[in-house]
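Next up is a structure, given as structure tokens.
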Amino acid sequence: MLVEATLSMAILSILGLVLLKLSLNVLHPRQWALQQTVTDAYMTYERAYAQRVPFDTVTSNTSPWPVYPNTSQTTVELGRLPGDRPITGTIFRSRTADPGNLNMSGTAATNPAGMTVWRLQSVVSYQIGGRQYIKSRTVVRAQ
């Protein structure tokens, strides 16, 4: 009787461990999707920030977006996962002028409105599970 009970407990333990492993395999993709959603939300913030900054600040020498090929690099907290685990990444910012700007190669014939156009690019680099991910957002600002 004791041998049968021990054998039954061993079989139930093995079955329990297999079911636990299967449930963890189902949860892992959800964790990845949650991390992707958090980083997408941060990139929405970056886009809103690029649209909100006054144009004079964008074009100044102290702009958060230096002129390409220079970049500004900042380590940021993208969000937090359940269990209060932070997701951190590095944000790279740079800006490029439109070639049709009057102070570039544009002329009054190619740019009759005299507009100044800048592309502000924010790129975030982060790691999940040992894999490197990169997301970017580009905002076109004109004046």
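From (1) part of a loop (DSSP other than H, G, I, E, B); (2) at pLDDT below 85, pick out the condition that doesn't hold for Asn61.
(2)
Could you tell me which residue of region 16-52 is modelled with the lowest pLDDT, considering only residues that are closer than 30 Å to Arg141 by Cα, loosely packed, with under 13 Cβ neighbours inside 10 Å and of a type in the set (A, V, I, L, M)?
Ala41
Another question, if that's okay. Of all residues in region 120-135, count the ones that are at pLDDT 90 or above and either more than 14 Å from the chain's Cα centre (by Cα) or assigned to a loop (DSSP other than H, G, I, E, B) (or both).
1
Ok, one more. Could you check Leu102 against (1) surrounded by 11 or more Cβ atoms within 10 Å (Cβ to Cβ); (2) modelled with pLDDT of 80 or more and say which number it fails?
All conditions are met except number (2).
Further question on the same structure: Just a yes or no: is a residue in region 78-92 hydrophobic (A, V, I, L, M, F, W, C), under 20 Å from Thr138 (Cβ atoms) and modelled with pLDDT under 90? Give the steps one after another, and end with the answer.
Narrowing region 78-92 to residues hydrophobic (A, V, I, L, M, F, W, C): 78, 81, 87, 91-92.
If we keep only those that are under 20 Å from Thr138 (Cβ atoms) too, we end up with 78, 91-92.
If we keep only those that are modelled with pLDDT under 90 too, we end up with 78.
Checked region 78-92: at least one residue is hydrophobic (A, V, I, L, M, F, W, C), under 20 Å from Thr138 (Cβ atoms) and modelled with pLDDT under 90.
Between a residue in region 129-140 that is touching a residue at least 60 places away in the same chain (Cβ under 8 Å) and any residue that is surrounded by fewer than 14 Cβ atoms within 10 Å (Cβ to Cβ) and of a type in the set (Ser, Thr, Tyr), which pairs come within a Cβ distance under 9 Å, given they are 6 or more apart or on different chains?
Arg137/Thr44
The values are calculated or read from the model by the stated rules, or taken from the named source; none is laboratory data. Not measured: the values here are computed from a predicted model. So basically every Cβ, Gly included, is an ideal-geometry build from the backbone, and we count neighbours across all protein chains shown.
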